[in-house]
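Nothing in this text is a laboratory measurement; each read-out follows from the coordinates by a stated rule. Every value quoted in this text rests on a predicted model; they were computed, and no experiment measured them. With ideal geometry, Cβ positions are generated from the backbone for all residues, glycine too; neighbour counts draw on all protein chains shown.
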Amino acid sequence: MPDNTYNNILIDFESWNKYTYPIIDQDQLLKNFYYSLEEIINFPEIKNKTASQDEYCTIYNKVMLNPIFDSHPIKFSWKEKDDEFISDIESAISLANNIFHTIETKNAYLISLAVAFKKSAPKTIKTNILDNASKLIYEEIFKIENENNYKNNSQKNIEDEYTYTADGQALAFQIQYHRWMIINKSILPETSYMRNRFINIVIRKNFPKHTPDPESKDITSYSESHAKLKEEISNHLKFDVLNIPSDDLDKWINSFVNNVMLVYYGFYKWDKLRGDFYEVFDLENSKFGKKIPDNFEENNKEFSKFINI
């Protein structure tokens, strides 16, 4: 790991206080992150500067994600005029890069922000302004995950008028985000972090209700469960106005449902170090095989090896 990372980590807290965010009790929030930073610094492998980049990120995420999740719902102090509200959103977004070091922690904060801001926004803020705020967060997530190759494309993002996801919940935000990602796929880079988080949320909140017994993974009806989840996701991702090839959307949904089931039934597991889902090879010794393939045809072949529908 480069020396400058260790040097920067020691002076971070001083630089944090240069910025003001639309957050009530900002000082206490920053102190919570600072205490976690102190804990990270005191890990022997970081203190002695022997940690690799991967080891550093693993330790950093393990410690710092807790105060990020614990901090929500953050108490915000939003201004009530539309342009000032958007400025506040931009300021809140900037905290991700000002404070955190890894993709996982930056995106965890931004996803939490995306869910929380609509609940606390002033009642005077119009729906289109709230939608614009969400899009600013989408953009930042893409930039963070694709830091080395993200380019500000001259093409304008395609507008999405489908407003199913107005309830401000985590699953709703994920669906809205993926609709936006799909319709802008030609001008935006691919992202896997949000897809993986989406898979985990659907596994916890949605897929079990489509199984014969949500309390038992041993009682299965693979074909019926696959069809029900596919129908639910398809209904959420309807494109009424935009000219999206139905075959492309169907392939995306099929692969997504396949991945949910492969992970839910334990054929694939989350590998924290590499940040993706890998075939279980030796779970007891944390040995994993290959990553779930993204390509539709390869994904279907992999799915059929484990699950017969």
* Structure fact -> If TRP270, TRP16 are placed from fewest to most neighbouring beta carbons inside 10 Å, the sequence is TRP270, TRP16
* For LYS143, list the lysines whose Cα falls under 17 Å from its own Cα; do not include residues on the same chain fewer than 8 positions away. => LYS106, LYS135, LYS151, LYS156, LYS185
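Grab the eigenvalues of the alpha-carbon gyration tensor for region 1-143, scale each by 5, take roots, and send me the semi-axes largest first in whole angstrom.
On the way: eigenvalues 190, 42, 30 Å².
Rounded to whole Å, the semi-axes are 31, 15, 12.
Return VAL202, VAL263, VAL280 ranked ascending by Cβ neighbour count within 10 Å, so the fewest neighbours appear first. All intermediate terms of the calculation are to be shown ahead of the outcome.
Details: VAL202 23, VAL263 20, VAL280 16.
Lowest count first: VAL280, VAL263, VAL202.
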* To do: Please state, to two decimals, what the Cα-based radius of gyration of region 18-101 comes to when divided by 2.2 N^0.38 Å (N = residues).
  => 1.30
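Among SER36, SER91, what is the fewest-to-most ranking by other Cβ atoms within 10 Å? Don't jump to the answer; show the numbers that get you there.
Numbers: SER36 19, SER91 15.
Going from least to most buried by this count: SER91, SER36.
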